[in-house]
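The values are calculated or read from the model by the stated rules, or taken from the named source; none is laboratory data. Since the model is a prediction, treat every value here as computed from it, not as a measurement. Quick reminder, even Gly has a Cβ in these numbers, built from the backbone with ideal geometry, and neighbours come from all protein chains shown.
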Amino acid sequence: MGQPEAGPWDWVLPALVVFGTTAVVLVAAAFAIRAIRRGPAARRRATEATEKAGAALVALDDAIEELELEVGLSGALYGGGAPASLRRTRMTAQHTRDAAFTAYRAMTDPDTLPAEAVRVSRDVLRRIETASRAIESARGEHAAWIATHVSAADQVAAAEGHLAELTARVGDPAALLRELEQLVDREEWTDASQAAQSVRSALAEARDHLDTAREKAADPSRSAHEDLALGERALRRADAAARLLEESHTHVVQAGRAVAGELDAAHEAVRSATGIRAALEPDDAERLGAEIAWASEELARISPTAARRPVSANREIARVRERLDAALADARTAQQRLHGARTALPGTLAAARSAVSRAEAAMPTHARALDCRVRLEAARDELAAARQAADPVTALDAARRAIRHAEDAKALADYARLG
């Protein structure tokens, strides 16, 4: 009797078993690899690498601050221009630092794979180490040149020239405060008041150190280097505080000029939202109606004190506009979104600039946490993007992100100072 003829299932079924088993094995392997890549050990390695890169980034940021101090002093010694080597090193280090802050934000993103975080951390660390060595080398070469060619008396004279120039530029900080007192409530210019006090104390400290440095420079047996360095650091703090005072004064004055227009624009946005609500389905209309009512109540609360509290009013108006925009979501046409963004952008940009300034002023001068700096850099980046964006909607989104980052930075800085 002959063998029965083989049917199609005689080879299909074994093939299905083989391929099915292979597929199951491959899927299981893929899940296993994914688990390994995201497992506790991988996350631990990523955390260690990120923390190491973060510590190096803080050190680089501090080194750049010291280099800025040296560039300023060198500018006085060289008649207004620091040596090209110092300026090039500073520029390269600043670019490295800015790129490292961006990379650090990416590597600490929860969605970043641990292996990718480790790779980026190592690359960032390598770049930071290169920049740090360049700073150290440039400062060493410059210090050697100064020791050989510039006397201590000349260095003190240059620092005293810096002090005289800064004192003349600052003028009378109290005059700016008196102007603000006439315009707005005191709560609106606390940053300016603190900056004015910082200017006065830093200038007084600089004078004391430079007086001591001048006495030591006249005695060959004593070194004026430490007092000269302390005097320059005090001058740098005074310069930063003077800029903050000027910026705070400008922000308050501009806010006072703009607040009435911001209120009008916000009321217009509420009216526009009311018109859009009429065309919505009942459930959507009810939800939007609640938000419109809330926005109207907030504007009614803000309006009576807006003239005397313009900075706070503009900040609160920006939040009202953002929440109302979120409530409208996709209910508006592209043209309506564009118009709304155009009217909201000026006030939101002003609020973002104010928030960044407050965060900068809040940065502690000692033991500054990395997270503060990262958030502040993110706020600066978003503010720059908002200023450069051609599309009002894109610019508005960036300005709102800048506000959130700046507020986070200030909160972290306040916490770091308490620690």
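Summary of computed values
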quantity	calculated
Answer from Arg169, Arg214, Arg207 - the residue that is of a type outside the set (Gly, Ala, Ser), more than 29 Å from the chain's Cα centre (by Cα) and under 30 Å from Thr250 (Cα atoms)	Arg207
Segment 361-419 - residue that is within 21 Å of Glu51 (Cα to Cα) and among the acidic types (Asp, Glu) and, of those, modelled with the highest pLDDT	Asp408
Residue check, Arg178 of a type in the set (Lys, Arg), closer than 20 Å to Gln254 by Cα and in contact with a Leu (Cβ under 9 Å, 6 or more places away or on another chain)	no
Any hit, segment 295-304, residues being within 28 Å of Asp62 (Cα to Cα) and touching an Asp or Glu at 6+ places or on another chain (Cβ under 6 Å)	no
Given (1) modelled with pLDDT under 80; (2) more than 25 Å from Asp371 (Cβ to Cβ); (3) touching a helix residue (DSSP H, G or I) at 6+ places or on another chain (Cβ under 9 Å), index of the condition Ala84 fails	(3)
Flag if Ala265 is small (Gly, Ala, Ser), within 34 Å of the chain's Cα centre (by Cα) and not assigned by TED's automatic domain parsing to the domain that holds Arg319	no
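Yes/no matrix, rows are residues, columns are (1) in contact with a helix residue (DSSP H, G or I) (Cβ under 9 Å, 6 or more places away or on another chain); (2) farther than 30 Å from Leu338 by Cβ; (3) modelled with pLDDT of 95 or more:
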position	(1), (2), (3)
Asp239	yes, yes, no
His251	yes, no, no
Ala266	yes, no, yes
Arg277	yes, no, no
Leu280	yes, no, no
Asp284	yes, no, no
Glu298	yes, no, yes
Arg308	yes, yes, yes
